[in-house]
1. Pairs to check: LYS40/LYS141; LYS146/LYS216; LYS78/LYS127; LYS78/LYS216. Give those whose C-alpha atoms are more than 27 Å from each other in this structure.
2. Could you sort ILE118, ILE188 by accessible area so the largest value comes first, with the probe set to 1.4 Å?
3. Summarise the accessible area of the range 27-166 (1.4 Å probe, protein heavy atoms) by the percent that is carbon and sulfur.
4. Order LYS87, LYS216 by their accessible area, 1.4 angstrom probe, all chains in place, largest first.
5. Roll a 1.4 Å probe over the protein heavy atoms and report the accessible area of PHE46 in Å², nearest 10.
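The values are calculated or read from the model by the stated rules, or taken from the named source; none is laboratory data. Just so we're clear, the structure is a prediction, and the values are computed from it rather than from any experiment. Note: accessible area is taken over every heavy atom of the protein model, side chains too, but ligands, DNA and RNA are not part of it. Shrake-Rupley method; radii C 1.70, N 1.55, O 1.52, S 1.80 Å.
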Amino acid sequence: MKIGQYLHDFGSLFFPELCPGCGKALIHQEKCICTDCLYKLPYTNFHQDPENLLAKQLWGLARVEAATAYLHFSKESKVQRIIHQLKYGHAPQLGEWLGERFGSQLALTAPYHAADLIIPVPLHPAKLRIRGYNQALYIAKGLSKKMGIPVIDGHLIRHSNNKSQTRKNRYERYENSKDIFSVRRPQILAHRRLLLVDDVVTTGATAEACLRELLKIEGTSVMLVTLAHGH
Ligand SMILES: [Zn+2]
């Protein structure tokens, strides 16, 4: 046994890294998620089916070239615990690692492999300050590593909505709480096939808002890749 491995295992006795799926301590050849959870995760394989559930859901909302999710999301599941750890557990590396795993598959799958740029859905600036990282950016980095497609961050902007909610009725509050996106320097994204990346898509409202902005740019098409899809 190498001394580094010995120290790693020794350290693990005191600070074991836990699998976010099941809570068991990871053993030394395991990284991020245990072998048992990895085997049991509900993979969608949506990328192999152009008419998958997520793509169909988005067709009603925005003109998306293709859409896929790595995992099915449901409440009280391993996937929910993994996403929670990714977002709130100071574990951006978990997103990058899962992004790499999915990226290895998408690198071999049309039309995803033919994208020009990867764009993470930005976090609300106030949330970014609190959390310290944008989990979608780390998923994007993992995808990028395996797909050989660059990540471009900071062009799709998510705005704070600072208008007071107190004097509005319920519908106005709902309208006001919608995310507002815009694009900075759209000429950089023009005539490109974009791969938009998010952590979880449920209603599709956020993805729709991003898609609408990106599709205003001349000559763009957009594919959506999300880590999890709940419905
Ligand atoms: Zn596990």
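1. LYS146/LYS216; LYS78/LYS216
2. ILE188, ILE118
3. Summing carbon and sulfur atoms, their accessible area is 52 percent of the total for the range 27-166.
4. Accessible-area ranking of LYS87, LYS216, largest first: LYS216, LYS87.
5. 20 Å²
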